[in-house]
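Mind looking over this structure? Questions follow.
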Amino acid sequence: MNAVVSEALDIRHVRKRYLQHGTTLDVLDDVSLSVRPGEFISVLGASGCGKSTLLRLIAGLDTDYSGDILVAGEPVRDTSLQRGIVFQDHRLFPWLTASQNILAALRNAPLSAKQKRDAVAEHIALVGLKGFENAYPNQLSGGMAQRVAIARGLVNRPRVLLLDEPFGALDALTRGRLQNELQRIWQQERITMILVTHDVDEAIYLGDRVVTMAPRPGRIKRIVDVALPRPRDRGDARFIRLRDEIVAEFGEPGTSPRDSGGNLPHTAPAHPPITEWRLAW
Amino acid sequence: MRFLSTLRLPRGLNRSAHQGPPPCDCVSPPPRQQRRLAKTFVASRGLLLPVVALALWSIVAALHLVKSGLLVSPLAVLQTGWQQTVSGALLRALSASLAREASGFVIGTVGGLLLGSLLGFSRIARRMVGPSFDTFKQISLFAWIPLISVWFGLGDAAKVVFLSLAALLPVTAHTCDGIHAVPRSYIEVARAFRYSRLQLVAHVILPAALPSIFTGLYLALIYSWLATLGAEYLLVSGSGIGNLLIDGSEQFRMDLVLFGIIVVGLTGWALNALARRAERALFARRPFGAS
Amino acid sequence: MSDTAISLAATASGNSCARRIARAWLRSAAWHVAPWLLPTLLLALWTIGSERGWIAPQILPPPARVYDTLVELARSGDLASHTLISVQRVLVGFGIGTLCGFALGAGLGLSRTLEAYVLPSFNAVVQIPVLGWLPFLLLLVGVGEPLKYILIAHAALVPVTLSTLQGFRQAPATLDEVARGYGYSRWQRIVHVVLPAAVPTLATGVRLAFTKAWLALVVVELVASSEGLGYLIVNGRQLFQLDLVMAAVVVVGAIGFVVNHLLDSLEARLRRGRPSAFRE
């Protein structure tokens with residue numbers, strides 16, 4: 001397999017606001033981030049913090065913002081085959097089979113027909129769906145459909161892959177399995193990936209760095225380095241400590257309010273099972 | 001309400017609960033035969049009503065129980081039918097009607113696809129033309145026939161114009177709806193793949209809108225068939241199945257009328273079956289609907 | 001892009017705001033006016049064409065004349081009487097057809113036995129369109145009120161039966177099981193689970209039935225009637241009084257339009273709060 005060129009991503013002072021009934025709504029307020037080539041970034045936040053909006057801006061689906069977004073030094077003006085995107089709802093075309101859906105992504109790629117067919121076969125194997133090439137989306141389970149969507153996002157060998165809560169609609173078991181898949185693919189392909197999620201566990205498990213965002217206005221709160229070796233162990237003490245740290249940042253509903261000094265609550269909450277950890281927003 | 005079970009067991013088995021198990025196995029038929037019997041029994045029940053009705057009709061006609069020149073026996077209807085078929089009159093009438101319907105259907109469909117596409121793609125067009133079109137659609141179509149007959153005469157031209165109109169309305173409405181309702185999410189996917197406008201239309205919008213468009217075509221087929229009949233009643237010059245019926249009615253020939261009705265029913269059924277076959281061929285594998 | 005964009009975003013007040021509001025108002029005004037442009041244009045063309053003699057009055061009378069005829073019809077009471085006759089026919093036929101349709105559909109839906117015996121024949125009879133029965137009924141009952149009632153009733157009966165049947169059949173098994181779990185008798189289940197679940201489908205069927213009934217009315221009045229709106233159309237046509245024809249067409253369209261809207265809102269209200277799983 002040819003090595004993929006991954007690129008650096010520069011987000012500088014990006015601001016997006018909506019004008020509604022005379023008041024301005026700041027969806028994103030002075031967001032800046034530098035992503036190294038081949039890095040895996042998890043963007044973590046509750047609903048309404050603008051993380052999906054940020055992803056759409058990077059993808060080029062939305063161009064109404066101020067600030068700069070640069071991929072490999074070039075400003076993002078529109079969508080590009082160099083920036084693949086995987087949505088939360090798989091958005092596979094129901095009238096095409098799995099392979100045809102992946103092929104559809106290659107329609108404008110500068111490849112010969114044979115090269116396209118090979119790329120499709122390669123990526124079907126990559127996501128572990130050999131044998132399901134001719135299945136229609138309504139014949140696939142949610143997890144399988146999402147795998148096709150990931151293959152579709154990768155088939156153009158983009159420099160950056162953007163994933164917008166890709167596993168949010170799946171059950172916990174499938175989610176865990178696909179997280180492992182994604183990690184495996186990333187380690188194999190080493191392209192820059194940006195994953196948006198509201199699952200703390202997922203963010204730490206997959207990312208080199210975790211970017212936490214806060215809402216109203218949408219801004220980056222903190223960027224945490226996850227310096228743990230892969231494959232990561234969710235039971236590892238460092239993993240748990242990191243998770244507690246990040247979760248404490250967001251506060252937890254139902255816990256005692258901050259004391260008068262403005263300090264975060266000290267009481268450590270009981271640990272629910274790993275697979276069920278969620279920001280309960 | 002008591003509901004009879006689907007399969008009536010033979011009496012012997014019903015009493016077995018009180019008398020113990022049957023003395024030998026020969027009382028109950030082997031399972032596979034039982035199932036086949038059950039199937040034919042179920043299917044044949046639908047025939048009971050028509051057979052009984054036909055029998056009653058024949059008896060009443062044979063015994064002249066009703067004193068009326070209108071009472072014809074089923075045999076007479078069949079004889080008339082045979083006569084019509086053999087003399088070629090049926091074929092002429094049917095082919096004339098179907099030819100007119102085909103032309104009206106084609107013209108109306110083509111026009112409907114064009115107009116529907118325009119309305120589907122352009123929000124401005126939809127806002128400007130849509131409400132008027134909707135209003136026009138709700139006026140009973142047949143009310144326009146007298147006016148059409150003034151403008152286009154009483155012959156084939158007027159009929160085809162009317163048929164085209166009958167086909168145009170559903171095709172336009174469903175094409176517009178189909179195109180308009182393509183989910184945003186698909187269009188974003190196409191944008192992510194850098195599809196040109198042409199590629200977007202051909203490879204995303206059209207396949208997504210196809211079920212709705214097909215419904216429009218299906219309705220157009222049905223409506224233009226109904227319109228054919230109506231037009232032939234009201235614009236009496238020319239030949240066709242509707243003319244056959246109306247003539248039969250004017251000549252007090254019930255046998256002709258009944259035969260014509262059977263032909264009309266069969267033709268309608270054939271058109272329906274054709275459309276159903278086409279639908280299955282097009283949409284066999286994917287769920288009917290864009291998402 | 002960045003500097004100017006930031007400066008633009010920073011100034012949230014001032015001229016740009018007023019201009020934006022004005023533009024929004026214009027856009028909203030245009031939105032409301034847009035649907036009227038086409039009819040106004042057509043009306044204008046029609047009027048001018050008649051005045052200039054491009055359109056012969058026998059082909060298409062000027063709109064003013066149509067309006068005058070309409071007013072005269074209304075004043076003389078003819079409009080009222082003809083409309084009343086038509087509406088009464090539709091109501092009677094529609095009523096009979098709908099009631100019979102409910103009964104038949106319910107029977108077919110609730111009793112598999114009845115369905116097995118009757119449905120195939122019903123499906124075969126349905127293949128014959130309402131118009132196809134017209135000559136047969138003409139012979140049987142002649143030209144008169146029964147013809148209209150029977151035809152319109154038949155037009156209404158078919159969709160109501162089919163949708164009632166479908167409504168009863170599609171009662172979700174899940175809810176039925178819940179009711180059984182609470183020990184509902186068969187009758188209770190029908191009344192409290194199956195029937196309410198079937199209401200949206202029934203509403204659609206009734207809506208369709210009215211459209212078909214109205215269509216049937218127009219046709220039968222065009223072909224074989226000496227009173228009613230359809231008769232006005234045919235009569236006007238024969239006397240070459242196209243203004244009369246158009247006036248009658250306008251009234252027919254108006255009534256159809258109004259009733260359709262009423263039934264639309266009724267159907268919408270009946271569907272309100274229902275999950276889309278109940279939609280056919």
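Yes or no, residue by residue, for (1) within 14 Å of chain C (Cβ to nearest Cβ); (2) among the hydrophobic types (A, V, I, L, M, F, W, C); (3) surrounded by fewer than 19 Cβ atoms within 10 Å (Cβ to Cβ); (4) under 30 Å from residue A:62 (Cβ atoms):
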position	(1), (2), (3), (4)
B:145	yes, yes, no, no
B:153	yes, no, yes, no
B:182	no, yes, no, yes
B:186	no, no, no, yes
B:192	no, yes, no, yes
B:213	no, yes, no, no
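Could you grab the pairs with beta carbons closer than 6 Å, sequence gap of 6+ or different chains, first residue in segment B:250-279 and over 24 Å from residue B:223 (Cβ atoms), second one hydroxyl-bearing (Ser, Thr, Tyr) and surrounded by fewer than 22 Cβ atoms within 10 Å (Cβ to Cβ)?
B:255/B:80; B:256/B:80; B:259/B:80
Taking the criterion of being at pLDDT below 95 and more than 29 Å from residue C:256 (Cβ to Cβ), would at least one residue in segment B:166-183 satisfy it?
yes
Within segment C:236-249, can you find the residues that are surrounded by fewer than 17 Cβ atoms within 10 Å (Cβ to Cβ) and either facing chain B (nearest Cβ under 8 Å) or touching a residue at least 12 places away in the same chain (Cβ under 8 Å) (or both)?
Listed by number, the list holds a single entry, C:240.
Which of (1) crowded, with 18+ Cβ neighbours inside 10 Å; (2) facing chain B (nearest Cβ under 10 Å); (3) not charged (D, E, K, R) is the odd one out, the single condition residue C:203 does not satisfy?
Unmet condition: (2).
Table: residues versus (1) under 22 Å from residue B:68 (Cβ atoms); (2) within 11 Å of another protein chain (Cβ to nearest Cβ); (3) among the aliphatic types (A, V, I, L, M); (4) not in a helix (DSSP H, G or I).
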position: C:117; (1), (2), (3), (4): no, yes, no, no
position: C:132; (1), (2), (3), (4): yes, yes, no, no
position: C:135; (1), (2), (3), (4): yes, yes, no, no
position: C:138; (1), (2), (3), (4): yes, yes, yes, no
position: C:159; (1), (2), (3), (4): no, no, no, no
position: C:164; (1), (2), (3), (4): no, no, no, no
position: C:168; (1), (2), (3), (4): no, no, no, no
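For every residue, the table says whether it meets (1) hydroxyl-bearing (Ser, Thr, Tyr); (2) in the same structural domain as residue C:141 (by TED's automatic domain parsing); (3) closer than 28 Å to residue C:153 by Cβ.
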position: C:184; (1), (2), (3): yes, yes, no
position: C:192; (1), (2), (3): no, yes, no
position: C:222; (1), (2), (3): no, yes, yes
position: C:234; (1), (2), (3): no, yes, yes
position: C:238; (1), (2), (3): no, yes, no
position: C:247; (1), (2), (3): no, yes, no
position: C:264; (1), (2), (3): no, yes, yes
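Residue C:253 - would you say it is under 11 Å from residue B:143 (Cα atoms), in contact (Cβ under 8 Å) with a residue 40 or more places away in the chain, within 8 Å of chain B (Cβ to nearest Cβ) and under 20 Å from the mean Cα position of the chain (by Cα)?
no
Based on this model, can you work out whether residue B:168 counts as at negative phi and within 14 Å of chain C (Cβ to nearest Cβ)?
No: the conditions fail for residue B:168.
Another question about this same structure. Out of C:105, C:101, C:95, C:109, I need the residue that is away from chain B (no Cβ under 11 Å), at negative phi, among the small types (Gly, Ala, Ser) and in contact with a Lys or Arg (Cβ under 8 Å, 6 or more places away or on another chain). Which one?
C:109
Continuing with this model, one more query. What is the number of the single condition among (1) in contact with a helix residue (DSSP H, G or I) (Cβ under 6 Å, 6 or more places away or on another chain); (2) in a loop (DSSP other than H, G, I, E, B) that residue A:63 does not meet?
Failing condition for residue A:63: (1).
State the number of residues belonging to segment A:107-151 that are part of a loop (DSSP other than H, G, I, E, B) and either of a type in the set (Gly, Ala, Ser) or in contact with a strand residue (DSSP E or B) (Cβ under 9 Å, 6 or more places away or on another chain) (or both).
Total satisfying the criteria: 6.
Another one. Keeping to segment B:156-207, report how many residues are in a loop (DSSP other than H, G, I, E, B) and under 19 Å from residue A:153 (Cα atoms).
So the answer is 4.
Among A:54, A:106, which is of a type in the set (A, V, I, L, M, F, W, C), in contact (Cβ under 8 Å) with a residue 40 or more places away in the chain and either more than 27 Å from residue A:222 (Cα to Cα) or within 14 Å of chain C (Cβ to nearest Cβ) (or both)?
That would be A:106, the only listed residue that is of a type in the set (A, V, I, L, M, F, W, C), in contact (Cβ under 8 Å) with a residue 40 or more places away in the chain and either more than 27 Å from residue A:222 (Cα to Cα) or within 14 Å of chain C (Cβ to nearest Cβ) (or both).
The values are calculated or read from the model by the stated rules, or taken from the named source; none is laboratory data. Values in this document were obtained by computation on a predicted structure and should not be read as measured data. Neighbour counts run over all protein chains shown; Cβ positions are idealised from the backbone, glycine included.
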